[in-house]
Amino acid sequence: MMFVIDKEYEMLVSTLSAEEYDSLKKSIKQNGLWVPIVINNDGIILDGHHRYKACQELGIKVRHTILNFSTKDEEVVFVGECNIQRRQLSSLQRIDIVRKLEPYYVRLARENSINNLKQNTDVQIFTPRGKTRDILGKKAQVSGYTYEKGIKILDTATPEEIAKINSGKKTISKVYHKIIEKEKKQKRIQDVQKLPVNLPDTIKLYNQEFQTLKITPNSVSLIFTDPPFHDQHLHLYDDLMREAYDVLCDGGSILCYVGQGNIGKVINIAEKYGLKFHWPLTILNSGPSASVFGKKILVSCKIMLWFVKGKYDGDPVRDCIQSEFEGTELHEWAKSTKESDYYIKHMTLPHEIVYDPFMGSGIFGVSAKKLKRQFIGCEVNKIHYDTAVRLISQDV
């Protein structure tokens, strides 16, 4: 008997890992082929592609059984569903097989519906879409929603991400949400790129390192900024505090975000250059808490340190604010404008200068413009700089 491997059917068979195939081959060598290969009348293998390959390599006679179907669609569905039952398959691999079978399921359902109509029996058809999703999910042994997530992943995820799901290193939900966030980011960036640019003379933005920018000494009322605050970026605080003392006017303040683990170090740096530590300010996160590796800490807030050149003589301010986080898809360090609106309003007067040496996507510049302050922003990253130019250009 000639056995034939049909390429269409082979596409419905998930590939075994090297370990899984070696285990199967070892079992057949020791015990023989217990489960026969299933073929049709033309010798095309319907079930047992890996067993057939192992027998060929071992020189073992292939036992087989013949199974016939009334239609090609029924035969294809049998091939796919035989492989869905394999225990080693991941949920995503089962979803992949069911997706390939979907057009066959739909045709079979339509044929059954027509036959049922002719016989005046109950009709079952793959509509509406929500019902179809649930039916297909059940065949893949997952929920309908997980089935849709899996289809999205198979269509858009990288081969590396798919491999991690199949190996159990990542979940379908985690990769799916990553894809959705990436799509949101791309859409938001595309939307921002369409915005017109129209900056007033009171707004000065620079695409360069802040250390190379020449700002008039004693001219800035408030530096409001969010430097990258991991350990490897601590040297930036040294440059920042040196410049702050030079450009701040007497009584001017600097508010800078800082990682909780480096609070003491940043205070020492600022005081080294003559700035006085005034108070810590807490910004409560509105989103999920981040975990600090090795510390067993769930971070629910961000800390801003407040330093003053001379003596602060502005309005009293709260030392704790609930953030309204938005815009993360534009910049990984982006903040809401709630805290910048509040502190700029109370710590400066209209037309005074607010300066952000780490401008990012320009959130603090949006606040300054809204409150009729002058604003100087500096951002070394060209993509973030272009985003800031467009966002700050808009009327708020």
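The values are calculated or read from the model by the stated rules, or taken from the named source; none is laboratory data. This one's a predicted model, so the numbers in the text were calculated from it and none came from an experiment. Note: ideal-geometry Cβ built from the backbone for every residue, glycine included; neighbour counts use all protein chains shown.
Looking at (1) basic (K, R); (2) closer than 24 Å to V366 by Cα; (3) in contact (Cβ under 8 Å) with a residue 24 or more places away in the chain, find the lone condition where K272 falls short.
(2)
Given the options S336, S361, name the one that is assigned to a loop (DSSP other than H, G, I, E, B), surrounded by fewer than 21 Cβ atoms within 10 Å (Cβ to Cβ) and at pLDDT below 95. Give the steps one after another, and end with the answer.
On the way: S361 fails: surrounded by fewer than 21 Cβ atoms within 10 Å (Cβ to Cβ).
Just a single option satisfies the conditions, and that option is S336.
Rundown of residues vs (1) closer than 18 Å to H346 by Cβ; (2) assigned to a strand (DSSP E or B); (3) aromatic (F, W, Y), yes/no style:
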| residue | (1), (2), (3) |
| --- | --- |
| L222 | yes, yes, no |
| Y237 | no, no, yes |
| E243 | no, no, no |
| D250 | no, yes, no |
| G261 | no, no, no |
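Please work out which residue is modelled with the lowest pLDDT, limiting yourself to the stretch 103-118 and to residues that are crowded, with 16+ Cβ neighbours inside 10 Å and not hydrophobic (A, V, I, L, M, F, W, C).
First, the residues of the stretch 103-118 that are crowded, with 16+ Cβ neighbours inside 10 Å: 104-109, 113.
Going one step further and asking which of them are not hydrophobic (A, V, I, L, M, F, W, C), we end up with 104-105, 107, 113.
Numbers: Y104: 90, Y105: 88, R107: 86, S113: 67.
Per the criteria, the residue is S113.
Take the stretch 50-77 and flag every residue that is part of a loop (DSSP other than H, G, I, E, B) and in contact with a helix residue (DSSP H, G or I) (Cβ under 6 Å, 6 or more places away or on another chain).
V62, F69, listed by residue number.
Could you go through the stretch 170-185 and let me know if any residue there is farther than 24 Å from A290 by Cβ and without any contact (Cβ under 8 Å) to a residue 60 or more places away in the chain.
Kept after step one, since they are farther than 24 Å from A290 by Cβ, are these residues of the stretch 170-185: none.
Checked against the condition, which is being farther than 24 Å from A290 by Cβ and without any contact (Cβ under 8 Å) to a residue 60 or more places away in the chain, the stretch 170-185 yields no hits at all.
Given the condition at pLDDT below 90, assigned by TED's automatic domain parsing to the domain that holds L24 and assigned to a helix (DSSP H, G or I), answer yes or no: does some residue in the stretch 135-154 qualify? Give the steps one after another, and end with the answer.
Pass one, the stretch 135-154, residues at pLDDT below 90: 135.
Filter once more, keeping what is assigned by TED's automatic domain parsing to the domain that holds L24: 135.
Remaining after also requiring assigned to a helix (DSSP H, G or I): 135.
Yes: one or more hits.
Considering each of K214, K174, K187 in turn, give the residue that is more than 23 Å from S340 (Cα to Cα) and in a loop (DSSP other than H, G, I, E, B). Break it down stepwise before answering.
Values: K174 fails: in a loop (DSSP other than H, G, I, E, B); K187 fails: in a loop (DSSP other than H, G, I, E, B).
Testing whether each residue is more than 23 Å from S340 (Cα to Cα) and in a loop (DSSP other than H, G, I, E, B) leaves just K214.
Can you give me the number of residues within the stretch 1-37 that are among the aliphatic types (A, V, I, L, M) and assigned to a loop (DSSP other than H, G, I, E, B)? Spell out the reasoning first.
Taking the stretch 1-37 and keeping what is among the aliphatic types (A, V, I, L, M), we get 1-2, 4-5, 11-13, 16, 18, 24, 28, 33, 35, 37.
Applying the additional criterion that residues be assigned to a loop (DSSP other than H, G, I, E, B) yields 1-2, 5, 11-13, 16, 33, 35.
Total meeting the criteria: 9.
Could you identify the single residue in V354, V380 that is modelled with pLDDT of 95 or more and farther than 14 Å from I223 by Cα?
V380
Among the residues of the stretch 235-246, write down those that are in contact with a Lys or Arg (Cβ under 9 Å, 6 or more places away or on another chain) and within 23 Å of S361 (Cβ to Cβ).
Selection gives Y237, A244.
If you check D239 against the conditions, is it among the charged types (D, E, K, R), closer than 24 Å to T216 by Cα and surrounded by 15 or more Cβ atoms within 10 Å (Cβ to Cβ)? Step through it out loud before you land on a result.
Working: among the charged types (D, E, K, R): yes; closer than 24 Å to T216 by Cα: yes; surrounded by 15 or more Cβ atoms within 10 Å (Cβ to Cβ): yes.
So D239 fits the description; yes.
Could you check Y9 against (1) loosely packed, with under 12 Cβ neighbours inside 10 Å; (2) in contact (Cβ under 8 Å) with a residue 40 or more places away in the chain; (3) of a type in the set (F, W, Y) and say which number it fails?
Going through (1) loosely packed, with under 12 Cβ neighbours inside 10 Å; (2) in contact (Cβ under 8 Å) with a residue 40 or more places away in the chain; (3) of a type in the set (F, W, Y) one by one, Y9 breaks only (1).
Testing S90 on (1) small (G, A, S); (2) modelled with pLDDT under 90; (3) buried (at least 16 other Cβ atoms within 10 Å of the Cβ), one condition comes back false. Which one is that?
Unmet for S90, out of (1) small (G, A, S); (2) modelled with pLDDT under 90; (3) buried (at least 16 other Cβ atoms within 10 Å of the Cβ): (2).
Please name all residue pairs, on different chains or six or more residues apart, with Cβ atoms under 8 Å, provided the first residue is in the stretch 55-81 and is surrounded by 17 or more Cβ atoms within 10 Å (Cβ to Cβ) and the second residue is among the polar types (S, T, N, Q).
Note: pairs meeting the criteria are V62/Q56; E75/N40.
Out of W306, W279, which single residue is surrounded by 19 or more Cβ atoms within 10 Å (Cβ to Cβ), of a type in the set (F, W, Y) and assigned to a strand (DSSP E or B)? Steps first, answer last, please.
Numbers: W279 fails: surrounded by 19 or more Cβ atoms within 10 Å (Cβ to Cβ).
The match here is W306.
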